[in-house]
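The values are calculated or read from the model by the stated rules, or taken from the named source; none is laboratory data. Keep in mind the model is a prediction, meaning the values are calculated, not measured. Methodologically, a virtual Cβ is constructed for each residue, glycine included, from the backbone with ideal geometry; neighbour enumeration extends over all protein chains shown. Remember, those area values only see protein heavy atoms, side chains included, never the ligands or the DNA or RNA. Shrake-Rupley method; radii C 1.70, N 1.55, O 1.52, S 1.80 Å.
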Protein chains: 4
Amino acid sequence: MRELRKEISRFISERDWEQFHSPKNLAMALSVEVAEIVEHFQWLTEEQSRNPPPETLAELREEIGDVLIYLTELAEKLGTDPVEAAKVKLEINNRKYPATLVRGKADKYTKYE
Amino acid sequence: MRELRKEISRFISERDWEQFHSPKNLAMALSVEVAEIVEHFQWLTEEQSRNPPPETLAELREEIGDVLIYLTELAEKLGTDPVEAAKVKLEINNRKYPATLVRGKADKYTKYE
Amino acid sequence: MRELRKEISRFISERDWEQFHSPKNLAMALSVEVAEIVEHFQWLTEEQSRNPPPETLAELREEIGDVLIYLTELAEKLGTDPVEAAKVKLEINNRKYPATLVRGKADKYTKYE
Amino acid sequence: MRELRKEISRFISERDWEQFHSPKNLAMALSVEVAEIVEHFQWLTEEQSRNPPPETLAELREEIGDVLIYLTELAEKLGTDPVEAAKVKLEINNRKYPATLVRGKADKYTKYE
(Lines give C-alpha, C1' and ligand atoms only; values in the text may rest on other atoms or scores of the structure.)
Protein backbone atom coordinates (compact mmCIF):
# COMPACT_ATOMS: atom_id res chain seq x y z
CA MET A 1 0.00 0.00 0.00
CA ARG A 2 2.82 2.40 0.87
CA GLU A 3 4.39 1.77 -2.52
CA LEU A 4 1.01 2.22 -4.24
CA ARG A 5 0.55 5.59 -2.52
CA LYS A 6 3.92 6.75 -3.78
CA GLU A 7 3.24 5.64 -7.34
CA ILE A 8 -0.10 7.45 -7.35
CA SER A 9 1.52 10.66 -6.08
CA ARG A 10 4.14 10.51 -8.79
CA PHE A 11 1.53 9.78 -11.47
CA ILE A 12 -0.53 12.83 -10.44
CA SER A 13 2.36 15.25 -10.02
CA GLU A 14 4.00 14.29 -13.34
CA ARG A 15 0.73 15.29 -15.04
CA ASP A 16 0.09 18.36 -12.90
CA TRP A 17 -3.39 17.03 -12.17
CA GLU A 18 -3.29 17.95 -8.49
CA GLN A 19 -5.37 21.04 -9.35
CA PHE A 20 -8.31 18.87 -10.53
CA HIS A 21 -8.11 16.36 -7.69
CA SER A 22 -10.05 18.09 -4.93
CA PRO A 23 -11.77 15.67 -2.51
CA LYS A 24 -15.08 16.70 -4.10
CA ASN A 25 -13.90 15.69 -7.58
CA LEU A 26 -12.22 12.53 -6.34
CA ALA A 27 -15.47 11.46 -4.67
CA MET A 28 -17.24 11.91 -8.02
CA ALA A 29 -14.54 9.95 -9.88
CA LEU A 30 -14.77 7.19 -7.27
CA SER A 31 -18.52 6.90 -7.83
CA VAL A 32 -18.06 6.74 -11.60
CA GLU A 33 -15.55 3.89 -11.32
CA VAL A 34 -17.80 1.96 -8.94
CA ALA A 35 -20.66 2.34 -11.43
CA GLU A 36 -18.47 0.64 -14.05
CA ILE A 37 -18.30 -2.35 -11.71
CA VAL A 38 -22.06 -2.23 -11.13
CA GLU A 39 -22.62 -2.09 -14.91
CA HIS A 40 -21.08 -5.54 -15.35
CA PHE A 41 -23.50 -7.06 -12.85
CA GLN A 42 -26.74 -5.21 -13.57
CA TRP A 43 -28.38 -7.86 -15.79
CA LEU A 44 -26.71 -10.91 -14.27
CA THR A 45 -28.37 -13.10 -11.66
CA GLU A 46 -26.56 -13.31 -8.32
CA GLU A 47 -25.51 -16.82 -9.30
CA GLN A 48 -24.06 -15.66 -12.62
CA SER A 49 -22.22 -12.85 -10.82
CA ARG A 50 -20.26 -15.47 -8.84
CA ASN A 51 -18.68 -16.80 -12.05
CA PRO A 52 -18.21 -13.99 -14.56
CA PRO A 53 -16.68 -14.93 -17.95
CA PRO A 54 -12.90 -14.34 -18.28
CA GLU A 55 -13.12 -11.12 -20.32
CA THR A 56 -15.58 -9.62 -17.82
CA LEU A 57 -13.26 -10.65 -15.02
CA ALA A 58 -10.33 -8.90 -16.69
CA GLU A 59 -12.35 -5.68 -16.97
CA LEU A 60 -13.56 -5.97 -13.38
CA ARG A 61 -9.95 -6.27 -12.27
CA GLU A 62 -9.09 -2.98 -13.97
CA GLU A 63 -12.07 -1.26 -12.41
CA ILE A 64 -11.28 -2.59 -8.95
CA GLY A 65 -7.82 -1.12 -9.50
CA ASP A 66 -9.33 2.24 -10.45
CA VAL A 67 -11.53 2.28 -7.35
CA LEU A 68 -8.58 1.59 -5.07
CA ILE A 69 -6.48 4.27 -6.79
CA TYR A 70 -9.11 6.97 -6.26
CA LEU A 71 -9.93 5.74 -2.75
CA THR A 72 -6.26 5.84 -1.77
CA GLU A 73 -5.85 9.31 -3.20
CA LEU A 74 -8.98 10.62 -1.49
CA ALA A 75 -7.92 9.10 1.84
CA GLU A 76 -4.46 10.65 1.47
CA LYS A 77 -6.00 14.08 0.80
CA LEU A 78 -8.04 13.73 3.97
CA GLY A 79 -5.04 12.58 6.02
CA THR A 80 -6.40 9.05 6.47
CA ASP A 81 -4.93 5.59 6.00
CA PRO A 82 -7.67 3.53 4.27
CA VAL A 83 -6.49 0.18 5.67
CA GLU A 84 -6.46 1.62 9.18
CA ALA A 85 -9.92 3.13 8.58
CA ALA A 86 -11.23 -0.27 7.43
CA LYS A 87 -9.91 -1.99 10.55
CA VAL A 88 -11.47 0.60 12.84
CA LYS A 89 -14.76 0.27 10.96
CA LEU A 90 -14.73 -3.53 11.28
CA GLU A 91 -14.34 -3.09 15.04
CA ILE A 92 -17.35 -0.75 15.09
CA ASN A 93 -19.37 -3.22 13.00
CA ASN A 94 -18.39 -6.05 15.32
CA ARG A 95 -20.10 -4.24 18.19
CA LYS A 96 -22.98 -2.88 16.09
CA TYR A 97 -24.03 -6.23 14.63
CA PRO A 98 -23.52 -8.86 17.34
CA ALA A 99 -23.12 -12.24 15.63
CA THR A 100 -25.64 -13.83 17.98
CA LEU A 101 -28.36 -11.32 16.98
CA VAL A 102 -27.88 -10.99 13.24
CA ARG A 103 -26.72 -14.48 12.30
CA GLY A 104 -28.05 -15.36 8.84
CA LYS A 105 -30.43 -12.43 8.71
CA ALA A 106 -30.28 -9.88 5.94
CA ASP A 107 -33.12 -7.82 7.37
CA LYS A 108 -31.39 -7.25 10.72
CA TYR A 109 -28.40 -6.26 8.69
CA THR A 110 -30.36 -3.78 6.65
CA LYS A 111 -32.28 -2.46 9.62
CA TYR A 112 -29.30 -1.84 11.86
CA GLU A 113 -27.16 -0.30 9.16
CA MET B 1 -4.04 -5.79 3.87
CA ARG B 2 -3.59 -9.52 4.46
CA GLU B 3 -4.71 -9.08 8.06
CA LEU B 4 -7.68 -6.98 6.92
CA ARG B 5 -8.76 -9.71 4.50
CA LYS B 6 -8.68 -12.26 7.32
CA GLU B 7 -10.69 -10.07 9.68
CA ILE B 8 -13.33 -9.47 7.00
CA SER B 9 -13.63 -13.21 6.32
CA ARG B 10 -14.10 -13.92 10.01
CA PHE B 11 -16.65 -11.10 10.36
CA ILE B 12 -18.75 -12.50 7.49
CA SER B 13 -18.55 -16.16 8.45
CA GLU B 14 -19.39 -15.51 12.13
CA ARG B 15 -22.61 -13.89 10.92
CA ASP B 16 -23.34 -16.41 8.17
CA TRP B 17 -23.71 -13.53 5.71
CA GLU B 18 -21.79 -15.27 2.93
CA GLN B 19 -25.17 -16.16 1.36
CA PHE B 20 -26.03 -12.46 0.83
CA HIS B 21 -22.59 -11.40 -0.38
CA SER B 22 -22.72 -12.32 -4.04
CA PRO B 23 -20.51 -10.09 -6.24
CA LYS B 24 -23.70 -8.49 -7.58
CA ASN B 25 -24.85 -7.52 -4.08
CA LEU B 26 -21.35 -6.43 -3.01
CA ALA B 27 -21.15 -4.13 -6.04
CA MET B 28 -24.44 -2.53 -4.95
CA ALA B 29 -23.25 -2.15 -1.35
CA LEU B 30 -20.01 -0.61 -2.61
CA SER B 31 -21.95 1.99 -4.61
CA VAL B 32 -24.12 2.82 -1.59
CA GLU B 33 -21.08 3.43 0.61
CA VAL B 34 -19.41 5.61 -2.03
CA ALA B 35 -22.62 7.66 -2.25
CA GLU B 36 -22.30 8.36 1.47
CA ILE B 37 -18.91 9.91 0.73
CA VAL B 38 -20.37 11.90 -2.18
CA GLU B 39 -23.19 13.13 0.09
CA HIS B 40 -20.72 14.96 2.32
CA PHE B 41 -19.29 16.88 -0.62
CA GLN B 42 -22.37 17.59 -2.74
CA TRP B 43 -23.04 21.15 -1.54
CA LEU B 44 -19.45 22.10 -0.72
CA THR B 45 -17.23 24.04 -3.06
CA GLU B 46 -14.07 22.26 -4.18
CA GLU B 47 -12.14 24.57 -1.87
CA GLN B 48 -14.31 23.70 1.13
CA SER B 49 -13.94 20.00 0.32
CA ARG B 50 -10.19 20.30 0.89
CA ASN B 51 -10.76 21.22 4.55
CA PRO B 52 -13.85 19.48 5.89
CA PRO B 53 -14.80 20.18 9.54
CA PRO B 54 -13.60 17.57 12.10
CA GLU B 55 -16.96 15.80 12.53
CA THR B 56 -17.36 15.45 8.76
CA LEU B 57 -13.80 14.12 8.58
CA ALA B 58 -14.58 11.49 11.21
CA GLU B 59 -17.61 10.33 9.24
CA LEU B 60 -15.65 10.31 5.98
CA ARG B 61 -13.06 8.10 7.63
CA GLU B 62 -15.73 5.54 8.54
CA GLU B 63 -17.11 5.57 5.03
CA ILE B 64 -13.67 5.20 3.45
CA GLY B 65 -13.29 2.19 5.73
CA ASP B 66 -16.62 0.78 4.52
CA VAL B 67 -15.64 1.23 0.87
CA LEU B 68 -12.33 -0.60 1.38
CA ILE B 69 -14.08 -3.42 3.27
CA TYR B 70 -16.55 -4.07 0.45
CA LEU B 71 -13.91 -3.58 -2.25
CA THR B 72 -11.61 -6.09 -0.55
CA GLU B 73 -14.41 -8.59 -0.18
CA LEU B 74 -15.53 -8.18 -3.79
CA ALA B 75 -11.95 -8.55 -5.05
CA GLU B 76 -11.49 -11.68 -2.93
CA LYS B 77 -14.68 -13.19 -4.37
CA LEU B 78 -13.36 -12.55 -7.87
CA GLY B 79 -9.92 -14.00 -7.03
CA THR B 80 -8.16 -10.63 -7.32
CA ASP B 81 -5.73 -8.74 -5.10
CA PRO B 82 -6.93 -5.10 -5.14
CA VAL B 83 -3.48 -3.61 -4.46
CA GLU B 84 -2.00 -5.66 -7.30
CA ALA B 85 -4.92 -4.58 -9.55
CA ALA B 86 -4.28 -0.93 -8.70
CA LYS B 87 -0.58 -1.21 -9.58
CA VAL B 88 -1.33 -2.87 -12.91
CA LYS B 89 -3.93 -0.16 -13.66
CA LEU B 90 -1.46 2.63 -12.85
CA GLU B 91 0.93 1.07 -15.36
CA ILE B 92 -1.83 1.06 -17.99
CA ASN B 93 -2.69 4.68 -17.19
CA ASN B 94 0.96 5.64 -17.43
CA ARG B 95 0.98 4.55 -21.05
CA LYS B 96 -2.55 5.75 -21.83
CA TYR B 97 -2.01 9.31 -20.59
CA PRO B 98 1.56 10.28 -21.49
CA ALA B 99 2.62 13.06 -19.11
CA THR B 100 3.92 15.16 -22.00
CA LEU B 101 0.54 15.13 -23.75
CA VAL B 102 -1.92 15.58 -20.88
CA ARG B 103 0.08 17.79 -18.53
CA GLY B 104 -2.28 20.17 -16.72
CA LYS B 105 -5.22 19.37 -19.01
CA ALA B 106 -8.50 18.09 -17.60
CA ASP B 107 -10.12 17.83 -21.02
CA LYS B 108 -7.46 15.51 -22.42
CA TYR B 109 -7.95 13.53 -19.26
CA THR B 110 -11.68 13.30 -19.78
CA LYS B 111 -11.41 12.59 -23.47
CA TYR B 112 -8.89 9.77 -23.21
CA GLU B 113 -10.59 8.12 -20.30
CA MET C 1 -44.58 17.95 -15.36
CA ARG C 2 -44.96 21.64 -16.18
CA GLU C 3 -46.57 22.21 -12.80
CA LEU C 4 -43.81 20.21 -11.09
CA ARG C 5 -41.15 22.33 -12.77
CA LYS C 6 -42.81 25.49 -11.47
CA GLU C 7 -43.11 24.16 -7.92
CA ILE C 8 -39.44 23.16 -7.91
CA SER C 9 -38.40 26.63 -9.12
CA ARG C 10 -40.42 28.29 -6.39
CA PHE C 11 -39.04 25.92 -3.74
CA ILE C 12 -35.45 26.74 -4.73
CA SER C 13 -35.86 30.48 -5.10
CA GLU C 14 -37.74 30.86 -1.78
CA ARG C 15 -34.70 29.30 -0.08
CA ASP C 16 -32.10 31.14 -2.16
CA TRP C 17 -30.49 27.77 -2.94
CA GLU C 18 -29.89 28.56 -6.61
CA GLN C 19 -26.26 29.36 -5.71
CA PHE C 20 -25.64 25.75 -4.59
CA HIS C 21 -27.48 24.10 -7.46
CA SER C 22 -24.88 24.06 -10.21
CA PRO C 23 -25.28 21.16 -12.67
CA LYS C 24 -22.18 19.60 -11.09
CA ASN C 25 -23.75 19.63 -7.63
CA LEU C 26 -27.15 18.52 -8.90
CA ALA C 27 -25.52 15.53 -10.60
CA MET C 28 -23.95 14.58 -7.26
CA ALA C 29 -27.27 15.00 -5.42
CA LEU C 30 -28.98 12.87 -8.07
CA SER C 31 -26.47 10.07 -7.55
CA VAL C 32 -26.93 10.22 -3.78
CA GLU C 33 -30.71 9.88 -4.08
CA VAL C 34 -30.40 6.97 -6.51
CA ALA C 35 -28.08 5.24 -4.02
CA GLU C 36 -30.85 5.48 -1.42
CA ILE C 37 -33.02 3.47 -3.81
CA VAL C 38 -30.21 0.96 -4.41
CA GLU C 39 -29.72 0.62 -0.64
CA HIS C 40 -33.22 -0.83 -0.24
CA PHE C 41 -32.52 -3.54 -2.78
CA GLN C 42 -28.89 -4.46 -2.05
CA TRP C 43 -29.54 -7.54 0.13
CA LEU C 44 -32.84 -8.58 -1.42
CA THR C 45 -33.13 -11.26 -4.07
CA GLU C 46 -34.56 -10.12 -7.40
CA GLU C 47 -37.76 -11.96 -6.48
CA GLN C 48 -38.03 -10.15 -3.14
CA SER C 49 -37.41 -6.83 -4.87
CA ARG C 50 -40.61 -7.34 -6.88
CA ASN C 51 -42.69 -7.26 -3.69
CA PRO C 52 -41.12 -4.95 -1.13
CA PRO C 53 -42.89 -4.63 2.25
CA PRO C 54 -45.23 -1.60 2.62
CA GLU C 55 -42.85 0.55 4.71
CA THR C 56 -40.02 -0.01 2.21
CA LEU C 57 -42.41 0.87 -0.59
CA ALA C 58 -43.34 4.14 1.12
CA GLU C 59 -39.65 5.07 1.44
CA LEU C 60 -38.95 4.08 -2.16
CA ARG C 61 -41.77 6.37 -3.26
CA GLU C 62 -40.13 9.32 -1.49
CA GLU C 63 -36.78 8.55 -3.05
CA ILE C 64 -38.25 8.17 -6.52
CA GLY C 65 -39.75 11.60 -5.93
CA ASP C 66 -36.34 12.99 -4.93
CA VAL C 67 -34.70 11.54 -8.05
CA LEU C 68 -37.32 13.11 -10.32
CA ILE C 69 -37.00 16.48 -8.53
CA TYR C 70 -33.23 16.63 -9.05
CA LEU C 71 -33.45 15.23 -12.58
CA THR C 72 -36.04 17.84 -13.54
CA GLU C 73 -33.95 20.63 -12.05
CA LEU C 74 -30.78 19.43 -13.76
CA ALA C 75 -32.57 19.12 -17.11
CA GLU C 76 -34.00 22.63 -16.69
CA LYS C 77 -30.53 24.03 -15.97
CA LEU C 78 -29.27 22.42 -19.17
CA GLY C 79 -32.24 23.70 -21.20
CA THR C 80 -33.68 20.21 -21.73
CA ASP C 81 -37.12 18.71 -21.31
CA PRO C 82 -36.56 15.30 -19.63
CA VAL C 83 -39.73 13.70 -21.07
CA GLU C 84 -38.74 14.81 -24.56
CA ALA C 85 -35.20 13.52 -23.95
CA ALA C 86 -36.60 10.14 -22.87
CA LYS C 87 -38.73 9.85 -26.00
CA VAL C 88 -35.81 10.69 -28.26
CA LYS C 89 -33.66 8.15 -26.41
CA LEU C 90 -36.29 5.43 -26.78
CA GLU C 91 -36.25 6.07 -30.53
CA ILE C 92 -32.46 5.69 -30.57
CA ASN C 93 -32.71 2.47 -28.54
CA ASN C 94 -35.36 1.14 -30.90
CA ARG C 95 -32.87 1.31 -33.75
CA LYS C 96 -29.85 0.27 -31.66
CA TYR C 97 -31.41 -2.89 -30.25
CA PRO C 98 -33.58 -4.40 -32.99
CA ALA C 99 -36.21 -6.60 -31.33
CA THR C 100 -35.46 -9.46 -33.72
CA LEU C 101 -31.79 -9.54 -32.70
CA VAL C 102 -31.91 -9.02 -28.94
CA ARG C 103 -35.18 -10.76 -28.04
CA GLY C 104 -34.83 -12.37 -24.60
CA LYS C 105 -31.06 -11.89 -24.47
CA ALA C 106 -29.44 -9.99 -21.64
CA ASP C 107 -25.96 -10.44 -23.07
CA LYS C 108 -26.82 -8.78 -26.39
CA TYR C 109 -28.31 -6.04 -24.30
CA THR C 110 -25.18 -5.61 -22.26
CA LYS C 111 -22.90 -5.92 -25.24
CA TYR C 112 -24.62 -3.36 -27.43
CA GLU C 113 -25.12 -0.84 -24.66
CA MET D 1 -45.61 11.04 -19.33
CA ARG D 2 -48.52 8.66 -19.98
CA GLU D 3 -47.40 8.27 -23.57
CA LEU D 4 -43.79 7.71 -22.43
CA ARG D 5 -44.91 4.96 -20.06
CA LYS D 6 -46.71 3.21 -22.90
CA GLU D 7 -43.73 3.45 -25.25
CA ILE D 8 -41.42 2.02 -22.59
CA SER D 9 -43.79 -0.91 -21.95
CA ARG D 10 -43.92 -1.69 -25.66
CA PHE D 11 -40.12 -1.41 -26.00
CA ILE D 12 -39.59 -3.90 -23.16
CA SER D 13 -42.25 -6.40 -24.16
CA GLU D 14 -41.17 -6.46 -27.83
CA ARG D 15 -37.72 -7.52 -26.63
CA ASP D 16 -38.96 -9.89 -23.93
CA TRP D 17 -36.72 -8.10 -21.43
CA GLU D 18 -39.31 -8.09 -18.66
CA GLN D 19 -37.49 -11.08 -17.12
CA PHE D 20 -34.32 -9.00 -16.56
CA HIS D 21 -36.08 -5.88 -15.30
CA SER D 22 -36.65 -6.69 -11.65
CA PRO D 23 -36.73 -3.59 -9.40
CA LYS D 24 -33.31 -4.65 -8.07
CA ASN D 25 -31.79 -4.68 -11.56
CA LEU D 26 -33.56 -1.47 -12.58
CA ALA D 27 -32.15 0.29 -9.52
CA MET D 28 -28.66 -0.80 -10.61
CA ALA D 29 -29.25 0.35 -14.19
CA LEU D 30 -30.53 3.69 -12.89
CA SER D 31 -27.35 4.20 -10.86
CA VAL D 32 -25.18 3.34 -13.87
CA GLU D 33 -26.96 5.93 -16.06
CA VAL D 34 -26.67 8.60 -13.36
CA ALA D 35 -22.94 7.89 -13.13
CA GLU D 36 -22.67 8.66 -16.85
CA ILE D 37 -24.05 12.11 -16.05
CA VAL D 38 -21.65 12.51 -13.12
CA GLU D 39 -18.74 11.48 -15.38
CA HIS D 40 -19.26 14.55 -17.57
CA PHE D 41 -18.98 16.88 -14.60
CA GLN D 42 -16.29 15.23 -12.49
CA TRP D 43 -13.35 17.36 -13.63
CA LEU D 44 -15.28 20.55 -14.43
CA THR D 45 -15.56 23.46 -12.03
CA GLU D 46 -19.08 24.33 -10.92
CA GLU D 47 -18.88 27.36 -13.18
CA GLN D 48 -17.90 25.28 -16.21
CA SER D 49 -20.71 22.84 -15.45
CA ARG D 50 -23.22 25.65 -15.99
CA ASN D 51 -22.15 25.97 -19.64
CA PRO D 52 -21.12 22.61 -21.03
CA PRO D 53 -19.91 22.53 -24.67
CA PRO D 54 -22.56 21.51 -27.27
CA GLU D 55 -21.35 17.92 -27.76
CA THR D 56 -21.32 17.32 -23.98
CA LEU D 57 -24.81 18.80 -23.80
CA ALA D 58 -26.04 16.41 -26.49
CA GLU D 59 -24.67 13.45 -24.55
CA LEU D 60 -26.12 14.73 -21.28
CA ARG D 61 -29.51 14.94 -22.95
CA GLU D 62 -29.32 11.26 -23.91
CA GLU D 63 -28.32 10.27 -20.40
CA ILE D 64 -31.08 12.35 -18.82
CA GLY D 65 -33.43 10.47 -21.14
CA ASP D 66 -31.99 7.13 -19.97
CA VAL D 67 -32.41 8.08 -16.32
CA LEU D 68 -36.06 9.04 -16.84
CA ILE D 69 -36.73 5.82 -18.77
CA TYR D 70 -35.40 3.60 -15.98
CA LEU D 71 -36.99 5.74 -13.26
CA THR D 72 -40.38 5.53 -14.98
CA GLU D 73 -40.07 1.80 -15.39
CA LEU D 74 -39.00 1.26 -11.78
CA ALA D 75 -41.85 3.44 -10.51
CA GLU D 76 -44.33 1.52 -12.67
CA LYS D 77 -43.06 -1.79 -11.27
CA LEU D 78 -43.61 -0.46 -7.75
CA GLY D 79 -47.08 0.87 -8.62
CA THR D 80 -46.04 4.51 -8.26
CA ASP D 81 -46.48 7.58 -10.43
CA PRO D 82 -43.10 9.40 -10.34
CA VAL D 83 -44.58 12.87 -10.97
CA GLU D 84 -47.07 12.36 -8.15
CA ALA D 85 -44.24 11.09 -5.91
CA ALA D 86 -42.18 14.20 -6.70
CA LYS D 87 -45.06 16.53 -5.81
CA VAL D 88 -45.68 14.75 -2.51
CA LYS D 89 -41.95 14.91 -1.73
CA LEU D 90 -41.81 18.64 -2.50
CA GLU D 91 -44.63 19.12 0.02
CA ILE D 92 -42.65 17.18 2.64
CA ASN D 93 -39.53 19.23 1.89
CA ASN D 94 -41.52 22.44 2.16
CA ARG D 95 -42.32 21.59 5.77
CA LYS D 96 -38.93 20.04 6.55
CA TYR D 97 -36.86 23.01 5.37
CA PRO D 98 -38.80 26.16 6.29
CA ALA D 99 -37.65 28.95 3.97
CA THR D 100 -37.16 31.32 6.92
CA LEU D 101 -34.73 28.94 8.63
CA VAL D 102 -32.63 27.61 5.75
CA ARG D 103 -32.52 30.64 3.45
CA GLY D 104 -29.15 30.76 1.66
CA LYS D 105 -27.60 28.12 3.91
CA ALA D 106 -26.12 24.95 2.49
CA ASP D 107 -25.14 23.61 5.90
CA LYS D 108 -28.68 23.73 7.28
CA TYR D 109 -29.65 21.99 4.08
CA THR D 110 -27.11 19.28 4.58
CA LYS D 111 -27.79 18.91 8.27
CA TYR D 112 -31.55 18.56 7.97
CA GLU D 113 -31.43 16.23 5.03
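I want to make sure I understand the PRE zone here: with the label point 7 angstrom from the Cα of A:LYS96 toward its beta carbon, which residues in the range B:44-61 have backbone N atoms less than 14 Å away? In the range B:44-61, the label zone of A:LYS96 (backbone N under 14 Å from the point 7 Å along Cα→Cβ) covers B:58-61. To put it simply, the accessible area of chain A at a 1.4 Å probe is 49 percent carbon and sulfur. Label point of C:LEU57 (7 Å along Cα→beta-carbon): distances to the other copies' equivalent points are 4.2, 4.3, 4.7 nm, sorted ascending. Using a probe of 1.4 Å on the protein chains alone, the accessible area found for D:ILE69 is around 10 Å². What you get for the range C:41-109, charging only the Cβ of Lys and Arg (+1) and of Asp and Glu (-1), is a dipole of about 700 debye around the Cα centre.
Seen against the Cα atoms of chain D and their longest principal axis, helix D:2-15 is set at about 50 degrees. Computed over all pairs of different Cα atoms, the Kirkwood value for the hydrodynamic radius of the protein assembly as shown is 22.5 Å.
Think of a 1.4 Å ball rolled over the protein heavy atoms: the range A:1-95 then has 40 Å² of accessible area per residue.
A dipole drawn for chain B from +1 and -1 charges on Cβ atoms has a positive end, and of B:ALA75, B:ALA85, B:LEU4 the residue lying farthest that way is B:ALA85.
Please report the buried accessible area for the interface of A with B, total over both chains, probe 1.4 Å, in Å² to the nearest 100. Accessible area lost upon association: around 6300 Å². Quick one: with label points 7 Å out along Cα→Cβ, list the inter-copy distances for B:GLU84 in nm, shortest first? Result for B:GLU84, in nm, nearest copy first: 2.7, 5.3, 5.4.
Here the relative contact order of chain C, from alpha carbon pairs under 8 Å that lie six or more residues apart, stands at 28 percent.
Taken about its Cα centre, the protein assembly as shown carries a charge dipole of about 0 debye when Lys and Arg each add +1 at the Cβ and Asp and Glu each add -1 at the Cβ.
Copy-to-copy label distances for D:ARG5, where each label lies 7 Å from Cα along Cα-to-Cβ, are 2.1, 5.0, 5.4 nm in order of increasing length. Chain A residue nearest the axis that carries A onto B, by Cβ, with distance in whole Å, is A:VAL34, 2. Seen through its C-alpha gyration tensor, with square-root eigenvalues sorted a ≥ b ≥ c, the range D:1-88 comes out prolate because a/c lies at 1.5 or above while a/b is bigger than b/c.
Among the listed pairs C:LYS77/D:LYS87; B:LYS77/B:LYS105; A:LYS89/B:LYS6, those whose Cα-Cα separation exceeds 26 Å are B:LYS77/B:LYS105.
Ranking A:THR100, A:ALA58, A:LEU30 by how far each Cα lies toward the positive end of the dipole of chain A (charges on Cβ) leaves A:THR100 at the top.
For the range D:40-112, a/c is not less than 1.5, where a ≥ b ≥ c are the root eigenvalues of the C-alpha gyration tensor, and a/b does not top b/c. That puts it in the oblate class. A DSSP coil position with no more than 15 other Cβ atoms inside 10 Å describes the following trypsin sites (Lys or Arg not before Pro) in the range B:1-98: B:ARG50. Helix D:23-41 and the long axis of chain D differ in direction by around 50°, with both axes built from C-alpha atoms.
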